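What follows is calculated from the coordinates using simple rules that are stated; it is not laboratory data. Values in this document were obtained by computation on a predicted structure and should not be read as measured data. Using ideal geometry, Cβ is built from the backbone for each residue, glycine included, and neighbour counts are taken over all protein chains shown.
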Amino acid sequence: MEAKLGADIYGMEKWGQQFLTVMPNGDAGLIDIQNKNAAPVSIPDIVKDLSERGIYSPVLLRVNSFLENSLTNLNEGFAEAIKEYEFNGSYRGVFPIKVNQQAEVVERIVETGRQYDYGLEVGSKPELLIALAQNLAKNSLLICNGVKDEEFIRLAILSCKIGFNTIIVLESTKELELVIQVSKSLGEMPLLGVRIKLTHEIKGNWSESSGDRSSFGMPPDDVVTVVERLQAENMQDCLVLQHSHLGSQISDIIDVRRIANEACRFFTELRKLGMPLQYIDLGGGLGVDYTGEKQSNENSINYSLYEYCEAIVETVKYAMDDAGLAHPHIVTESGRGVVASSSMLIFDVLDTTLYDSSTLPETGDDAHHLIKDLLDIQEYLSTKRLQECVNDAIYYRDEVRALFRRGNADIKSLAHAEHIFRYLVAQFKKLAEEMEVPHQLEDQLGTFADIYHGNFSLFQSLPDVWAIDQLHPIMPLQRLNEVPHRQAVLSDITCDSDGKIDRFVLEDGISKTLPVHDIVEDEPYYIGVFFVGAYQETLGDLHNLFGDTNVVTVSLAEDGEFDLLHEVEGDTIAEVLESVEYDAPACLATFRKRVDNAVSRKELTISERRVLIAAYKDSLNGYTYFEKE
Ligand SMILES: *Cc1c(COP(=O)(O)O)cnc(C)c1O
């Protein structure tokens with residue numbers, strides 16, 4: 001194996017070439033997607049600048065133009081496909097707030113989307129309140145999914161009187177009865193949609209939201225009941241939208257076409273029944289290519305954004321033309337595809353647990369023969385016999401461990417054997433770099449990977465990595481012009497055995513370890529996790545009571561500089577404690593009493609008392625993550 005530079009290892013060319021580059025000094029640089037001629041901005045420089053302002057890592061970095069860019073591409077993509085296929089309807093996309101509920105994100109989406117009549121989708125009452133506080137364009141939609149109570153429905157119906165196009169998407173026949181009742185009592189007609197359960201099933205992490213097992217959407221008999229009830233109430237004119245959503249991250253473009261096609265069948269049938277449907281809403285599902293493989297699998301997609309737009313517009317056009325119906329407006333509720341690429345998580349490596357040793361301990365003549373056997377491996381170590389040497393080393397080491405367990409070797413002998421073993425591992429890894437390593441041997445060497453301890457919480461900041469093994473591109477943000485000689489897994493600071501990352505996207509495929517550089521003392525080593533703008537920011541719970549990270553939004557400037565647009569401080573420990581119903585001042589008071597008692601018993605001096613109380617107080621008001629002094 002030839003030693004490759006960091007820049008060539010992490011596959012950045014595949015998944016990030018649009019927005020990332022390696023700068024001459026080896027830093028990862030951000031490219032301004034909307035102004036490619038501008039000088040790239042070094043990410044380590046941004047982090048340094050932030051820490052001078054007192055904003056420390058871990059930090060969630062959001063780049064203004066990345067969000068605007070993907071939203072613009074989605075809308076322009078549909079506009080172009082609509083023109084190409086001479087489609088008569090328009091595109092009226094909506095952003096599902098649940099995918100990223102941060103005010104800054106929602107507000108920017110609304111602002112950027114206004115020129116495209118881009119709207120919002122809500123799935124709960126709090127989200128409805130967020131949407132009703134936004135200044136949406138006159139023709140944009142506000143689509144209400146999810147289970148709705150009377151108050152929700154009342155708000156939705158009345159909001160149409162103040163200029164919103166709020167569509168209540170019926171989830172069940174029972175919900176329809178509630179809507180009819182509220183609408184009668186208000187004397188106002190609602191705008192309605194009906195959520196259909198399609199039979200098509202898709203693969204992937206979200207397959208359960210499609211097909212018969214999906215808990216959302218109405219089966220055909222209920223849909224017919226809705227039509228009949230609306231007719232009976234003389235409310236059929238209210239039904240303007242048909243909705244279906246088959247789950248997130250649809251990886252195969254064929255599925256997009258099948259879904260659109262089946263949705264069109266229902267749509268044309270409902271039109272035949274006299275329903276004046278104007279909007280066909282195909283839900284979310286636009287995927288993100290996390291690995292850059294351009295293939296249909298859980299972490300990649302086999303289509304481009306434009307192919308997605310084309311597939312939908314073409315399918316809907318032909319279906320409507322075949323049925324002799326006017327073209328409807330097309331709605332999608334793309335969340336992931338709009339926001340995933342707009343933010344990245346940046347954290348520093350706090351510590352490393354290195355598996356190998358560069359030194360050999362001294363061994364006396366009286367050492368156990370197994371220890372001598374271990375040492376002797378060096379004599380026949382070569383690229384040809386590497387596998388044999390690895391096998392032998394593991395065998396002898398395990399024999400010493402067995403002796404220790406039975407009481408036949410003492411702790412010093414055990415330590416001695418483990419030390420020699422780690423020295424051998426270092427030699428093995430060095431040899432492996434010079435040769436083509438068979439798969440099984442590579443896996444074996446992978447189990448001797450180093451552990452790099454990062455200042456982040458997996459559960460808090462990357463919940464999908466933990467829950468569904470979502471892959472995000474991850475790479476060091478500096479020294480990309482050097483060869484990374486170490487192989488590591490990343491562990492977070494929760495001390496939880498689950499809190500580690502051991503699958504990585506690399507140029508030549510998925511790897512169990514991440515190539516990393518040796519840490520230089522007193523020099524920060526930053527690692528970036530990309531595409532974390534969708535779902536990750538708001539899913540995180542308070543695992544181990546690590547709170548929200550610091551969040552900053554930057555705007556890239558022409559000259560390689562950047563402007564800090566917006567900053568949200570991460571949670572303090574007091575805030576996190578209060579969220580689980582502790583009273584922080586009361587905690588401090590109890591602690592103080594205990595300290596005072598120790599002072600009166602003369603077990604603690606007055607000056608120790610001051611240090612102790614100050615430490616408790618400062619901690620309460622500080623960041624939940626590891627803070628450098
Ligand atoms: C979650 C959700 C979406 C967003 O899906 P993406 O795959 O992120 O585009 C859209 N519509 C509904 C109803 C959802 O529940």
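With a ≥ b ≥ c taken as the square roots of the eigenvalues of the C-alpha gyration tensor of the stretch 19-155, please select rounded if a/c is under 1.5 and otherwise prolate if a/b is larger than b/c or oblate if it is not? Taking the square roots of the gyration eigenvalues as a ≥ b ≥ c, the stretch 19-155 is oblate. For VAL194, the residues whose amide H sits under 5 Å from its own are LEU170, LEU241, GLN242, HIS243, ignoring neighbours fewer than 5 places away on the same chain, with H placed 1.01 Å from N.
The length gained by stretching the chain between LYS617 and LEU564 to full extension, at 0.36 nm per residue less their Cα-Cα distance, is 16.1 nm. Here the Karplus curve 6.51 cos²θ - 1.76 cosθ + 1.60, taken at θ = phi - 60°, turns the phi angles of the stretch 277-288 into couplings of 4, 10, 10, 10, 9, 9, x, x, x, 4, x, 10 Hz, with x standing for Gly and Pro. The stretch 473-629 gives an Rg/Rh value of 1.07, both radii derived from C-alpha positions and Rh following Kirkwood. Mean residue ellipticity at 222 nm, helices only, the chain: -12500 deg cm²/dmol; runs of at least 4 DSSP H residues each add -39,500 (n - 2.57), and the sum is divided by the number of residues. The trypsin sites (Lys or Arg not before Pro) of the stretch 380-482 meeting both criteria, a DSSP state outside H, G, I, E and B (loop) and at most 15 other C-beta atoms within 10 angstrom of the site's C-beta, are LYS384, ARG385, ARG406. List the aspartates and glutamates whose Cα lies under 16 Å from the Cα of LYS617, skipping any in the same chain that are fewer than 8 positions away. Result set, ordered by chain and number: ASP571, GLU575, GLU578, ASP583, ASP596, GLU608, GLU627, GLU629.
Extending 7 Å from the Cα toward the beta-carbon at both ILE254 and ASP366 defines two label points whose distance is 7.3 nm.
Taking 0.36 nm per residue of separation and subtracting the Cα-Cα distance, full extension of the segment from LEU5 to SER90 would add 25.8 nm. Rg and Dmax, both from the Cα atoms of the stretch 160-286 and both in Å, are 15.0, 46.
Taking a sphere under 12 Å around the Cβ of THR21 and counting the other residues whose Cβ falls inside, with K and R at +1 and D and E at -1, yields a net charge of -2. Estimated at 0.36 nm per residue, the fully extended path between ALA586 and GLU52 surpasses their Cα-Cα distance by 188.9 nm.
For the stretch 560-612, chymotrypsin sites (Phe, Trp or Tyr not before Pro) meeting the loop criterion (DSSP other than H, G, I, E, B) and having at most 15 other Cβ atoms within 10 Å: TYR582. Net charge near GLU171: determine it from the other residues with C-beta under 13 Å of the C-beta of GLU171, scoring Lys and Arg +1 and Asp and Glu -1. Residues close to GLU171 contribute a combined charge of 0.
Pairs from the table (LYS98/LYS125; LYS294/LYS500; LYS197/LYS272) lying more than 23 angstrom apart at Cα are LYS294/LYS500. Taking the fewest neighbouring Cβ atoms within 10 Å as the starting point, the ordered list for ASP559, ASP289 is ASP559, ASP289.
Across all directions, the shadow cast by the convex hull of the chain built on its C-alpha atoms averages 36.7 square nanometres. Taking the alpha-carbon centroid of each part, what is the distance from the stretch 423-438 to the stretch 476-520 in angstrom? If we compute the Cα centre of each part, the gap is 18 Å. Sequence-ordered 3J(HN,Hα) estimates for the stretch 484-491 from the Karplus curve with 6.51, -1.76 and 1.60 and θ = phi - 60° stand at x, 8, 9, 10, 10, 9, 9, 10 Hz, glycine and proline given as x. Pairwise Cα separations in the stretch 452-504 fall into 5 Å bins from 0 onward with the following percentages, short to long: 4, 18, 29, 24, 14, 9, 3. A dipole drawn for the chain from +1 and -1 charges on Cβ atoms has a positive end, and of ILE130, LEU30, PRO40 the residue lying farthest that way is ILE130.
When you filter the GluC sites (Glu not before Pro) in the stretch 409-457 for DSSP loop state and at most 14 other Cβ atoms inside 10 Å of their Cβ, you are left with GLU434, GLU436. Within the shell defined by Cβ-Cβ distances under 10 Å, the residues around ILE55 carry a net charge of -3, with Lys and Arg each +1 and Asp and Glu each -1.
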